[in-house]
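Take a look at the structure below.
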Amino acid sequence: MDDLIFLGIESSCDDTAAAIVAGDRRILSSVVSSQTALHADFGGVVPEIAARAHAERLDLAVEQALAEAGLGLRDLSGVAVTAGPGLIGGVMAGVMCAKGIAAGTGLPLIGVNHLAGHALTPRLTDATPFPYLMLLVSGGHCQFLRVEGPRAFTRLGGTIDDAPGEAFDKLARLLALPQPGGPSVEAEAAGGDADRFDLPRPLLDRPGCDLSFSGLKTAALRLRDRLVEEQGGLRSRDRRDLCAAFQAAVAEVLAEKARRALDRAPVPVLAVAGGVAANRAVRGALEQVAKAAGAAFLAPPLRLCTDNGAMIAWAGIELFRLGQRDGMDLAARPRWPL
Ligand code: KG4
Ligand code: ZN
């Protein structure tokens, strides 16, 4: 079975991605075509624009992934594709592309849950055995998953409103910093005093692993408005201190909930995925929590933490090994809880 070679296709948000991955965990190629520039003027991903761009770019991404791997379609063992959850136009474009390839070649078709793709990444990068704890933390997701098998996930908790990446992006917008907001806020925070402003730690006083970020965002908005009113504008020091306080609050909340998740369901590894996993304060806080719980901390390289085709190809390989085969009736699903 270890000579499997899968194509993985991902188009559920604003990245058009295709990758070739081997059953022995080698990534033979990984192409990600970002649409950030297309959506920049709109302050967020526009579903219609995203769907069209995916439809235009998918074939090229697949062609490039094959070329970079030095392979042709006949060398593949299967085609895996994100079948949801996500923006439905983009998911449909990906599923149609994968069906076309499967129909034309007779290759097996495997529909993959996007969240499972993220959640199984530690097995692609580090051959992590089950079970482990995964914190998925990006612009669209925030949840704690106990990963017990390629199709066995227990959700221990998650956000009840915004995802943290979304909150970072909104804060950046409030402070007129460039998008995506996470890296801008982190850069500002580096020179700031996290203790000057007192921001809330939402849901910290409640038991369990659920999280909330919208109150934090509102508190930051009020603070900004108060400073503008009192001083007639924001000074660069205010911006730095506000970013530092915000980042510290996010890191503290994520770390405390991770501590509870590890306490409730002890596992040898705490892994993290998603764009917010790039944040050094967040990473550092999670690493400490893992250490204190006697668990290893695993953060895959950022290109595999954010949306990509390799995680979908890999999840496809794992599901193929379990016997999953999908037909031409594979549906694109906007919602698909794990
Ligand atoms: O996983 P991702 O690329 O896309 C999805 O949301 O699926 O995550 C993007 C999010 C954005 O909200 C971005 O602001 C955030 O991850 N992000 C960060 C950092 N880098 C990216 N947030 C905090 N600190 C960072 N260094
Ligand atoms: Zn994602």
### Task
May I ask you to list the lysines whose Cα is less than 17 Å away from that of Lys257, ignoring any residue fewer than eight positions away on the same chain?
Lys291
### Task
Mind jotting down a quarter of the surface of the convex hull over the alpha carbons of the chain, in square nanometres, one decimal?
16.6 nm²
### Query
Taking Cα centroids, how far is the range 80-124 from the range 321-336 in Å?
8 Å
### Query
Sorted by packing (mean other beta-carbon atoms within 10 Å per residue), highest first, where do 13-23, 180-190 land?
13-23, 180-190
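So how do 271-279, 79-87 stack up, highest first, on mean other-Cβ count within 10 Å? Present the calculation step by step, with values, prior to reporting the outcome.
On the way: 271-279: 25.2, 79-87: 26.8.
Result, highest mean first: 79-87, 271-279.
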### Task
Would you mind ranking Asp307, Asp329, Asp210 by Cβ crowding within 10 Å, fewest neighbours first?
Asp329, Asp210, Asp307
### Message
Taking the alpha-carbon distance from Lys170 and a cut-off under 18 Å, which lysines remain once sequence neighbours fewer than 8 residues away in the same chain are dropped?
### Response
Lys217
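How much length is gained if the chain between Lys291 and Ala67 is pulled fully straight, taking 0.36 nm per residue apart and subtracting their Cα-Cα distance, in nm to one decimal?
Working: separation 224, 0.36 × 224 = 80.64 nm, distance 4.23 nm.
Taking Lys291 through Ala67 to full extension adds about 76.4 nm, to one decimal.
Of all DSSP beta bridges located in the range 42-166, what percent are antiparallel, nearest 5? Can you show the working numbers first?
Numbers: 12 of 17 bridges.
Around 70 percent antiparallel, to the nearest 5.
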#### Entry: Isotropically averaged projected area of the range 1-108, using the convex hull of Cα atoms (one quarter of hull area), nm²
6.6 nm²
### Message
Angle check, please: helix 88-105 long axis (alpha carbons) against the longest principal axis of the chain (alpha carbons), in degrees 0 to 90, nearest 10.
### Response
20 degrees
### Task
Could you state the angle between the C-alpha long axis of helix 164-174 and the longest principal axis of the C-alpha atoms of the chain, as a value from 0 to 90 degrees rounded to the nearest 10?
50 degrees
#### Entry: Antiparallel DSSP beta bridges within the chain, as percent of all bridges there, nearest 5
60 percent
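Stokes-Einstein at 37 °C, 0.692 mPa s, Kirkwood radius from Cα pairs: D for the range 122-179 in µm² s⁻¹? Intermediate values should be presented prior to the final figure.
Values: Rh = 13.0 Å.
Using the Kirkwood radius from Cα pairs, D works out to 252 µm²/s.
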### Task
Using only Cα atoms, find the angle between the long axis of helix 214-231 and the longest principal axis of the chain, and express it within 0 to 90 degrees, rounded to the nearest 10.
40 degrees
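No lab work stands behind these numbers, since they all come straight from the coordinates. Worth saying up front: this structure is predicted, and the values here are computed from it rather than measured. Counting neighbours? That spans all protein chains shown, and the Cβs are built from the backbone with ideal geometry, glycine included.
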